[in-house]
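Bear in mind these aren't lab numbers, they're just calculated from the coordinates by the rules spelled out. Everything numeric here is computed off the predicted structure, so don't read it as measured data. Please note: Cβ atoms are built from the backbone with ideal geometry, for glycine as well, and neighbour counts cover all protein chains shown.
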Amino acid sequence: MTQNPLINVDCVPRFADIEPKHIEPALDLVLANNREALRQLSTNSDKADWDNFAEPLVAISDKLDRLWSVVSHLNAVNDSEEFRSAYEVALQKWTIYQTEVSQNRELFSGFKRIENSPQFGNLNKEKQKVIQNAIRDFKLGGSELEGADRKRFATISAELAALSNNFEQNVLDATDGWYLDLSEESELDGLPFSSRELARQTAERAGVDGWRFTSQAPSFIPFMMFSAKRELRRTMYHAYVTRASECCPNGGKWDNSKVMDQIRALRQEQAALLGYESYASYALVTRMAKTPGTVEEFLVDLVSRSRSHAHNELQELINFVGKKAPGVELKAWDIPYWSEKLRQSRYEFSQEDVRPFFPLPRVLEGMFEIVHNLFGIAVRPASVMPQVWHPDVMFFEIFDDDTNLCGQFYLDVYARANKRGGAWMADCISRSRKSDGDIQIPVAMLTCNFSPPIGNKSSLLTHEEVLTLFHEFGHGLHHMLTKVSESPVAGINGVPWDAVELPSQFLENWCWQPDSLDMISGHFESGESLPADLLSKLRKAKNFQSGMQMIRQLEFSLFDLRLHSCISEDISIQQVLDEVRRDVSVVDTPPFNRFQHAFSHIFAGGYAAGYYSYKWAEVLSADAFGRFEEEGLFNREAGDAFRSEILEKGGVCDPSSMFLEFRGRAPSVDALIRHLGLS
């Protein structure tokens, strides 16, 4: 009998061998073994210490985490009806087990015994943090609840897991389930060659004539920016902003309306069971900001600093349209198109101008050179290629001082059908200490959705896509360069949600500097670096409409926060969003816009009451980069300090004190405001 490829993942998984039929039996076996181990450990909780109790618990948790990371990742990047069905069954079983653990009072008692014992003070900081986090999470997981409340909390946890998965599947199906087929070349007016060729290739692969445009980002974004056909832009816009809603083009086939209402109500009920006023209050216990009031104050301050700039930028755009197209009333589906026209008019620059200078192989080569200069690491393609889930997936290794292997990562960068949109980094294997004393090398999975290669050419990236690649690689470095060997607090594990974006946003800064741009650019035919005049235009256009972009992100953040702070279901989700838009937005949003129905970050992606984290961490990253502005772009002393104080410490230390050690002072919002040109 062939061994299940999901069992005994001691190194990188055998992705190509994994089939839907393998998921449930593999999970059943791991859960059965874990439950037996938990039964034995629970009977010993009154004698618990690190060696006989906490360490074995970490080990069995690691086994399950490794299996589940593979299953959940494949669910996101390789969707099929068979895999989806298998995943839904497995998700229910996984959630039930997680709830059992979080409500196991014997385990909870064992961790409290260790914390209160004389031994605790002799443990290193990593182990102490594992204990402290476990006790906190038992409380947040309902371990102290009694009777009916305890059962209800467990039921809610299972329902929320299923609903979040359902939400994401609806978004994926709605995105893949709509397209715009064009047959006349005149309908392509304004579209750049790269956009036309991608649409032609998409149509060809679908077996139709002409050009096919989709709701996937590499197709949708250029269409909205460049298509001269206003009605077609409106059609694309409507399809995109109504995805997974009751008013989408497919007649509400994948409507998330009820799913969202259920998620919201269940989250609030779960928080109330634990005595919290709102879900936001509950979620923020584990974060830097701690309270909804702190987050609200932070976001409102940023609104006050940027809204007038956004108003001025919008008025400038309206005036520009008035001159170029008298009588045209600016609508939401016009803004990307006319903004791009204004950008080109002012800076003589377009994202399409730089695309030929950012072929993916050159960008990767330069990105690896940059982190070598900063942190002394070497990134190389693996000498032995492991199994992957798609032929396009790449695999790399990271060496410390060019000799010692310290991390590995998969890179899956191209958009395709049956793959979730967006970009993210997932933990495949965490750093840990093996039973024989050796260190388990961490493995990450980096995912993007860029335009695939067209014909025999390499994939050519816009500068925005280059920023996305650096962002996700920053997350990957945070996971792979850790020196922490207790997996629950190694790498990104245990890091407060509003600090986890610091390394990713920090690395983006090197995408704007002349010296580093020389490293990551090279014309796909001639190899020529980005010309000086184009570099100058790119940098000058950096803060184009930065006020409008800031306000848009603050709108999303405040919507998320206020939705999860609102305890009355009498106020609908749409009403919460409408009120935030009245307070914050400078752009009129069409009444049919259902952005929230595809807002996976907060309904399926772990950012509930946490979307503000992007702006919170952006303050940290801008201020951290300020040290390199002062000491040198590739100053190794500063690079080593960032590596040792931020990247290596995982979730062991308080992020505020880590930042203080690196920067020598508390963070200031001034650097972000300056970087965005909003001073």
Original post:
Once you put a point 7 Å from the Cα of R35 and another 7 Å from the Cα of R152, both along the Cβ direction, what distance in nm separates them?
Top reply: 2.7
Original post:
Any idea how far the Cα center of segment 270-316 sits from the one of segment 590-610, in Å?
Top reply: 16
Subject >> Principal-axis tilt of helix 230-241 within the chain, Cα atoms, nearest 10 degrees >> reply: 10
Original post:
For the pair T294 and K540, how long in nm is the line joining their label points, each one 7 Å along Cα→Cβ?
Top reply: 4.3
Original post:
Arranged from highest to lowest average of other beta-carbon atoms within 10 Å per residue, in what order do the peptides 158-170, 24-36 appear?
Top reply: 158-170, 24-36
Original post:
What is the fewest-to-most order of L232, L477, L467 by other Cβ atoms lying within 10 Å of their Cβ?
Top reply: L467, L232, L477
**OP:** With runs of 4+ DSSP H residues as the only contributors, calculate the mean residue ellipticity of the chain at 222 nm using -39,500 (n - 2.57) per run, divided by the residue total and rounded to the nearest 500.
**Re:** -17500 deg cm²/dmol
Subject >> Whole-angstrom gap from segment 70-100 to segment 129-143, using each part's C-alpha centre >> reply: 25
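Apply 1/(1 + (r/R0)^6) to the Cβ-Cβ distance of R582 and E184, taking R0 = 35 Å, and write down the FRET efficiency to the nearest 0.05.
Values: r = 41 Å, r/R0 = 1.19.
FRET efficiency, R582 to E184: 0.25.
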**OP:** Give the span of segment 136-247's Cα atoms along each principal axis, as three whole-Å numbers ordered largest to smallest.
**Re:** 68, 27, 27
Original post:
With axes computed from alpha carbons, what is the tilt in degrees of helix 360-375 against the longest principal axis of the chain, rounded to the nearest 10 within 0 to 90?
Top reply: 50
**OP:** On each of the three principal axes of the Cα atoms of the chain, give max minus min coordinate, whole Å, ordered largest first.
**Re:** 79, 58, 57
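Quick one: grab the alpha carbon gyration tensor of segment 15-144, order the square roots of its eigenvalues as a ≥ b ≥ c, and give me rounded if a/c is under 1.5, else prolate or oblate depending on whether a/b is larger than b/c. Present the calculation step by step, with values, prior to reporting the outcome.
Values: a/c = 2.50, a/b = 2.30, b/c = 1.09.
Verdict is prolate for segment 15-144.
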**OP:** Along Cα→Cβ, 7 Å out, is where each label goes; now give me the distance between the ones at D49 and F120 in nm to one decimal.
**Re:** 1.6
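Using the per-residue mean of other Cβ atoms lying within 10 Å as a proxy for protection, in what order, highest first, do the peptides 55-62, 492-499 fall? Spell out each step's value before the answer.
On the way: 55-62: 17.2, 492-499: 23.2.
Put in order of decreasing packing, that is 492-499, 55-62.
Please give the length that would be gained between K112 and R380 if that part of the chain were fully extended, namely 0.36 nm times their separation in residues minus their C-alpha to C-alpha distance (nm, one decimal).
That works out to 92.0 nm of additional length.
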**OP:** Give me the angle, in degrees from 0 to 90, between the Cα long axis of helix 463-480 and the longest principal axis of the Cα atoms of the chain, rounded to the nearest 10.
**Re:** 10
**OP:** State the extension gain, in nm to one decimal, for the chain segment bounded by N418 and S656, taking 0.36 nm per residue of separation less the distance between their alpha-carbons.
**Re:** 81.7 nm
Subject >> Range of Cα positions in segment 177-241 per principal axis (Å), largest first >> reply: 26, 25, 17
**OP:** May I ask you to compute the full-extension gain from I454 to S42, defined as 0.36 nm times their residue separation minus their alpha-carbon distance, rounded to one decimal in nm?
**Re:** 142.6 nm
